[in-house]
Amino acid sequence: MGGKGAGAAFLMATSAIGPGFLTQTTVFTQQLMASMGFVILISVIIDIIAQLNIWQILTANNKRGSELANEVISGSGHALTIFICLGGLAFNIGNVSGAGLGLNILFPVSVETGSVISALIAIIIFLSKDISKSMDLFVKLLGIVMLALMLYVVFYAAPPLAQVVHRTFVPTVINFTSIVTLVGGTVGGYITFAGAHRLLEDKSTPISMQQVKRSAVNGIVLTACMRILLFLAVFGILNQGFQLNPENPAASVFQAAAGNLGYKLFGIVLWCAAITSVVGSAFTSITFLKTLHPVFNRQQRMATILFILLSTIVFLFWGKPIFILVVAGSLNGLILPFSLGLMLWVMIKRKLRHYQHPAWLLWSGWIVVAVMLWMSIVTFVNEIPKLF
């Protein structure tokens, strides 16, 4: 996996792996124990169907998601842009705060100072001469670091693998909320468009549909590897009888596995997860805004930097926006059937001479739309009232 295809896969994967990803995976594993394997399996199947559909449809038409949607249903692309950018901004506020917390664990700086330093690092990437190359190198390196550190923690946690395999296929409990949240956090909102838009933005070299498919699946596999390793680490620690700290459950997993060194390793993983998500969220949100007004096309670099600065300023003056992050996380599950449904409708209404969208992928995509819409509504109705 090389070139911009690898960059797209890593951008998508590292966009998905943020502070919320670490916390959600830990909390759901705590609730479901070995049956969390089943949730991950189902979510990966849904993720691959959704991502293969969206990436192939966008690259076959050589247009961004919002542009395509507007051409088939007038105004729908603008609605999609608003949903994705608001969700992207909300998650970016959490990503900036997570990056600040990561540096706070590693160095004697406050979370606020750490968030400002992290935002400046992200901005430097978008100030570089070749943004695509800088972004690709950054997310690849930090993605590899995260996977390596998680593997180290799993080794110390020593989870019972036979029980994990058994419960992955024969779960004791099936939890809709966890499936919706995991799918929403992997291919919901802006994330599933991140890699595809990365491919469309880079006109330097052509990419074949075979490469698009491979890159789309690789992005999901990378994300799944990180989630599986984290799940194994959490389950291993819980199986040994450790109690997780409810204030910071993910950090306590690393601490239980490797003491103070483990806590420092968590700081590195958290910072890597958060800063790469800041880059992915800002980049993808601005590619959507290009459809709203030509100024975003002309001033993409400046708009991306302002998006990062706005996220940081909101965090600094408002504090940790837990409420908006939880609501945005739940809504992400609803955005997926809307965005995927729009893309599938495009392929029903539009015939391309050079490309025939696979029928099995089209209809499995509609099944994902129906299942995710149903599960998202059930989750939304059950979970959101608890926030008030």
Tensor-based shape of segment 61-171 (alpha-carbon gyration tensor, a/c under 1.5 rounded, otherwise prolate or oblate): oblate
Expected 222 nm ellipticity per residue - DSSP helices of 4 or more, -39500 (n - 2.57), all of the chain, to 500: -28000 deg cm²/dmol
Assigned charges on the beta-carbon of Lys, Arg, Asp, Glu; the chain dipole about Cα centre (debye): 900
Carbon/sulfur fraction of accessible area - the chain, other protein chains in place, 1.4 Å, %: 68
Distance from segment 140-165 to segment 1-71 (C-alpha centre basis), Å: 19
Hz values of 3J(HN,Hα) by residue in segment 80-87 - Karplus curve (6.51, -1.76, 1.60), Gly and Pro given as x: 4, 4, 4, 4, 5, 6, 5, x
Extension gain from Val295 to Glu247, taking 0.36 nm per residue of separation minus the Cα-Cα distance: 13.0 nm
Residue-normalised accessible area of segment 77-152, expressed per residue, 1.4 Å probe, Å²: 42
Tensor-based shape of segment 28-119 (alpha-carbon gyration tensor, a/c under 1.5 rounded, otherwise prolate or oblate): oblate
Estimated FRET transfer efficiency (Ile124, Leu41; beta-carbon r; R0 35 Å; 0.05): 0.35
Too-long pairs where the Cα-Cα distance tops 18 Å, listed order kept, from Lys63/Lys351; Lys213/Lys351; Lys140/Lys264: Lys213/Lys351; Lys140/Lys264
Highest average packing first - 338-345, 283-290, 8-15, Cβ atoms within 10 Å: 8-15, 283-290, 338-345
³J(HN,Hα) computed for each position of segment 347-364 - Karplus, 6.51 cos²θ - 1.76 cosθ + 1.60, integer Hz, glycine/proline x: 6, 6, 7, 10, 10, 9, 5, 8, 8, 10, 5, x, 4, 5, 6, 4, 6, 5
Long-range amide H partners of Val109 with built H, under 5 Å: none
Extension reserve of the Ile207-Glu71 stretch, reckoned as 0.36 nm per residue once the Cα distance is removed: 46.6 nm
Label-point separation, Ala359 to Val217 (7 Å along Cα→Cβ), nm: 2.2
Overall form of segment 190-326 per C-alpha gyration tensor (a/c, 1.5; a/b vs b/c): oblate
Per-residue HN-Hα couplings for segment 288-304 [Karplus 6.51, -1.76, 1.60; θ = phi - 60°; Hz; x = Gly/Pro]: 6, 5, 4, 6, 6, 8, x, 4, 5, 6, 6, 10, 4, 4, 5, 5, 5
Calculated FRET efficiency for the pair Trp374/Lys349, C-beta based, R₀ 22 Å, to 0.05: 0.35
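The values are calculated or read from the model by the stated rules, or taken from the named source; none is laboratory data. The model shown is predicted, which means the values in this text are computed figures rather than measured ones. Positions of Cβ are backbone-derived with ideal geometry, glycine not excepted, and every protein chain shown enters the neighbour counts. Note: areas computed on protein heavy atoms with side chains; ligands, DNA, RNA excluded. Shrake-Rupley method; radii C 1.70, N 1.55, O 1.52, S 1.80 Å.
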